[in-house]
1. Looking at the chain, what % of its DSSP beta bridges pair antiparallel, to the nearest 5?
2. For each of 261, 321, count neighbouring Cβ atoms within 10 Å of the residue's Cβ, then give the residues from fewest to most.
3. Given an 8 Å cut-off on Cα distances and at least 6 residues of separation, report the relative contact order of the chain as a percent.
4. Calculate for the chain the 222 nm mean residue ellipticity that helices alone would give, adding -39,500 (n - 2.57) per DSSP H run of length 4 or more and normalising by residue count, nearest 500 deg cm²/dmol.
5. Starting with the highest mean, order 36-45, 172-181 by the number of other Cβ atoms within 10 Å, averaged over the residues of each peptide.
6. Å³ per residue of the Cα convex hull, for the range 156-271?
7. So what's the angle, to the nearest 10 degrees on a 0 to 90 scale, between helix 261-275 and the longest Cα principal axis of the chain?
8. Among 200-212, 159-171, what's the highest-first ranking by average C-beta atoms within 10 angstrom per residue?
């Protein structure tokens, strides 16, 4: 199995886990940019900048490495942190990106049969011609922390559709509301998704802000009811099909998280079942990856935004749909 662009942060000389062990010797490349060969990027040298344990699938900085030392990050080692008390708390300057081959790779997401809910979507795409894909959610859906628009997961999903259905002319329109919850998704329906003309498919995803502690979040039952209402409104007012998707857990050391994302993911799946619309299990994909990887290696802002690799993981969860 070939892995490309997996992200890590490495602290001092402590080892950091790749997603998989049993790495093939000689296959690993480590660089400072997500995109290989980007001007100004550094390709790090094994032995000089890092050491590899191929069997266990770990990397560690050397004492005089050119790799940024995450142990000097402003939030390193802090618990129950309030990000408002710090500057420059994001992780983008600290990432390294790995390509490698593993003998122990596993699918990023389990196959997810949604064929009964996307019959009309497939028919339209196979017929070809204009097809509008709209996305509506919070800052993650808006592409938060992706370095390029093309790396944002709705655009990655659209790219996969273009490959699979070459006759379709797919347009992507995002009308997300960064920083807000499903309640604002309902309240601002007319000003946001309501302005999209003739969408064929809507990617609908809230939860990251909803799941926060009480004064900022949304009670679980209200969250589920909001999603059901949004699916209903999209169908009735826009005539579009809907894919609901769950969110991943934010930094477990962040003060403002309720750290109950498993419940919000389950509520999202229940809302999809009750409205009979397609569902993508992003939470499950993230849970699989987190079996080995630390959270900071996946979080662009070190709180609740995925980096480029994290957006790719979203796309893998979407790609696991069987339809």
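Please treat every number below as a calculation from the coordinates, not as lab data. Small disclaimer: the values here were computed from a predicted structure and weren't measured. Reconstructed Cβ throughout: ideal geometry from the backbone, glycine too, with neighbour counts over all protein chains shown.
1. Of those bridges, close to 45 percent are antiparallel.
2. Least crowded to most crowded, the residues run 321, 261.
3. Reported relative contact order: 22 percent.
4. Values: 7 runs with 76 residues, N = 323.
The helix-only estimate for the chain comes to -7000 deg cm²/dmol at 222 nm.
5. Ranking, from highest mean packing down: 172-181, 36-45.
6. For the range 156-271, the hull spanned by Cα atoms encloses 111 Å³ per residue.
7. That helix lies at roughly 30 degrees to the long axis.
8. Packing proxy ranking, top to bottom: 200-212, 159-171.
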